[in-house]
Amino acid sequence: MAILVTGGAGYIGSHTCVELLQAGEDIVLLDNFSNAKPQVVNRIKELGGRDFPLYAVDILHREGLEKIFAREDIEAVIHFAGLKAVGESVKIPLDYYQNNVSGTINLCQVMARAGCKKIVFSSSATVYGNSTDVPFREDSPLSTTNPYGSTKRMVEDILRDLCASDPEWSACLLRYFNPIGAHKSGLLGEDPNGIPNNLLPYIAKVAVGQLEQLNVFGNDYDTPDGTGVRDYLHVVDLAIGHLKALDYVRTHKGAEAINLGTGRGYSVLEVVKAFEKASGVTIPYRIAPRRPGDIATCYADPSKAKKLLGWEATRSLEEMCADAWNFTRRQQLGDSL
Ligand code: WQD
């Protein structure tokens, strides 16, 4: 039996596929390549040490999904596929609801018909919205402030209702905090199209001279140095969290929301300093106005993941920055993707 990884060529999906293969799991990779490079698939095979079926399918395409479940013996699904840019979701909300919500409904309907009722879902800490109830626990109040976050919250509700309607279903709703970093080999990493929205890939492009300077969005927040505080976690730690969640849905029924974070917050300026130390490169920056929608502080209470999954993040901020820098340099040399 195999694990279907939707969005498997994406940033977190690709790192998860490598960990699955290295753990001896058989996988089937689905991606529509709207936000992933086809070369990533070869990197996954190289690092995972094994081949696997690949389907260039959109989760909105029911016939394409049905073909996969007819041809492959799918035991469970790790579901990454979806649109994920907060700012973009405000501009094109219907695309986000269609892809993230309708796409997931489509997937679950095909899964149910095939008798496949185990899912690990890529949710997000964004569901905690602008709450100040930090550290966020899974029973903290949910409030979303953008369409992207609303799609994640809606899909969590849909999966809870699905599990309540049929006791055969099991679902882990993984709420990621801020994934950063790259595979130690430098062959996989965060490679967004265009100008990065997120802090780490932006800093990396400044470090290699592709961008002039970092804009620090506000230094007047109620935080130790006035800049935004976030819970950054290494993408490989996050990937390993998915393998633990897969084991959990294999042995438990029902729906569980689980935070995947380190439980430690770092400010923008602390991240800049850590990246400068890891890279040996000075990162020029200026203080810019706050970014609309940003909150001051966001970090996890990761105790439920430790208790239920036996998972905790192990990699340091310095290691995250060193691995991100290594990936970026290898990209510069043209041998990553
Ligand atoms: C981090 C900090 C910014 C860029 C988002 C999504 C979240 C998840 C991760 C999908 C903040 C500051 C950033 C820059 C800056 N994605 N910053 N200059 O906003 O915490 O989370 O990405 O699930 O859902 O909301 O991440 O990396 O954009 O920002 O000063 O050029 O860095 O203000 O304090 P964020 P981020």
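Quick grid of which residues meet (1) at pLDDT below 95; (2) among the polar types (S, T, N, Q):
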position: 68; (1), (2): no, no
position: 78; (1), (2): no, no
position: 85; (1), (2): yes, no
position: 92; (1), (2): no, no
position: 107; (1), (2): no, no
position: 116; (1), (2): no, no
position: 124; (1), (2): no, yes
position: 128; (1), (2): no, no
Fill in the blank from the handout: Among (1) touching a residue at least 60 places away in the same chain (Cβ under 8 Å); (2) touching a Gly at 6+ places or on another chain (Cβ under 9 Å); (3) over 25 Å from residue 240 (Cα atoms), residue 269 falls short only on (1)
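Go through the stretch 22-34 and count every residue that is open to solvent by 60 Å² or more (accessible area, probe 1.4 Å), closer than 19 Å to residue 193 by Cβ and in contact with a Phe, Trp or Tyr (Cβ under 9 Å, 6 or more places away or on another chain). Show your work before the answer.
Going through the stretch 22-34, the residues open to solvent by 60 Å² or more (accessible area, probe 1.4 Å) turn out to be 22-23, 26, 32, 34.
Narrowing further to those that are closer than 19 Å to residue 193 by Cβ: 32, 34.
Retained after the next criterion (residues that are in contact with a Phe, Trp or Tyr (Cβ under 9 Å, 6 or more places away or on another chain)): none.
Final tally of qualifying residues: 0.
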Completion exercise
Exception for residue 198 within (1) within 13 Å of the ligand (Cβ to nearest atom); (2) more than 16 Å from residue 230 (Cβ to Cβ) falls at (2)
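Determine whether the stretch 226-246 contains at least one residue that is without any contact (Cβ under 8 Å) to a residue 60 or more places away in the chain, within 14 Å of the ligand (Cβ to nearest atom), open to solvent by 10 Å² or more (accessible area, probe 1.4 Å) and not in a helix (DSSP H, G or I).
Keep residues of the stretch 226-246 that are without any contact (Cβ under 8 Å) to a residue 60 or more places away in the chain, which gives 226-227.
Narrowing the set further to residues that are within 14 Å of the ligand (Cβ to nearest atom) leaves 226-227.
Going one step further and asking which of them are open to solvent by 10 Å² or more (accessible area, probe 1.4 Å), we end up with none.
No, because not a single residue in the stretch 226-246 is without any contact (Cβ under 8 Å) to a residue 60 or more places away in the chain, within 14 Å of the ligand (Cβ to nearest atom), open to solvent by 10 Å² or more (accessible area, probe 1.4 Å) and not in a helix (DSSP H, G or I).
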Practice task
Determine whether residue 102 is under 24 Å from residue 147 (Cα atoms) and within 18 Å of the chain's Cα centre (by Cα).
Solution key: no
Fill in the blank from the handout: When restricted to 191, 161, the only residue more than 11 Å from the ligand (Cβ to nearest atom), of a type in the set (Asp, Glu) and more than 20 Å from residue 330 (Cα to Cα) is 161
Exercise for the section: Within the stretch 247-292, track down each residue that is at pLDDT 95 or above, among the charged types (D, E, K, R) and either touching a Cys at 6+ places or on another chain (Cβ under 7 Å) or open to solvent by 60 Å² or more (accessible area, probe 1.4 Å) (or both). Expected result: 247, 250, 253, 256, 264, 270, 273, 277, 286, 290
Completion exercise
Within the stretch 188-225, of all residues that are surrounded by 15 or more Cβ atoms within 10 Å (Cβ to Cβ) and among the acidic types (Asp, Glu), the one nearest to the chain's Cα centre (by Cα) is 190
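Specify which of the listed residues (19, 46) is in contact (Cβ under 8 Å) with a residue 24 or more places away in the chain, outside any loop (DSSP other than H, G, I, E, B) and open to solvent by 70 Å² or more (accessible area, probe 1.4 Å). Reasoning before the result, please.
Details: 19 fails: open to solvent by 70 Å² or more (accessible area, probe 1.4 Å).
The match here is 46.
Can you give me the number of residues within the stretch 201-212 that are assigned to a loop (DSSP other than H, G, I, E, B) and more than 10 Å from the ligand (Cβ to nearest atom)? Can you show your working first?
Step one: of the stretch 201-212, the residues assigned to a loop (DSSP other than H, G, I, E, B) are 208-212.
Checking the rest, the ones that are also more than 10 Å from the ligand (Cβ to nearest atom) come to 208-210, 212.
Residues that pass the stated criteria total 4.
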Practice task
Please specify each residue of the stretch 285-316 satisfying the condition of being in contact (Cβ under 8 Å) with a residue 24 or more places away in the chain, within 13 Å of the ligand (Cβ to nearest atom) and of a type outside the set (D, E, K, R).
Solution key: 285, 287, 288, 289, 293, 295, 296, 297, 298, 299, 300
Problem - Residues (in contact with a helix residue (DSSP H, G or I) (Cβ under 7 Å, 6 or more places away or on another chain), crowded, with 18+ Cβ neighbours inside 10 Å and aliphatic (A, V, I, L, M)) located in the stretch 306-332 - result: 309, 313, 317, 322, 324
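The values are calculated or read from the model by the stated rules, or taken from the named source; none is laboratory data. Because the structure is predicted, anything quoted here is derived from the model rather than measured. Every residue, glycine among them, receives a Cβ derived from its backbone with ideal geometry; neighbour counts consider all protein chains shown. Calculation scope for accessible area: heavy atoms of the full protein, side chains included, ligands and nucleic acids excluded. Shrake-Rupley method; radii C 1.70, N 1.55, O 1.52, S 1.80 Å.
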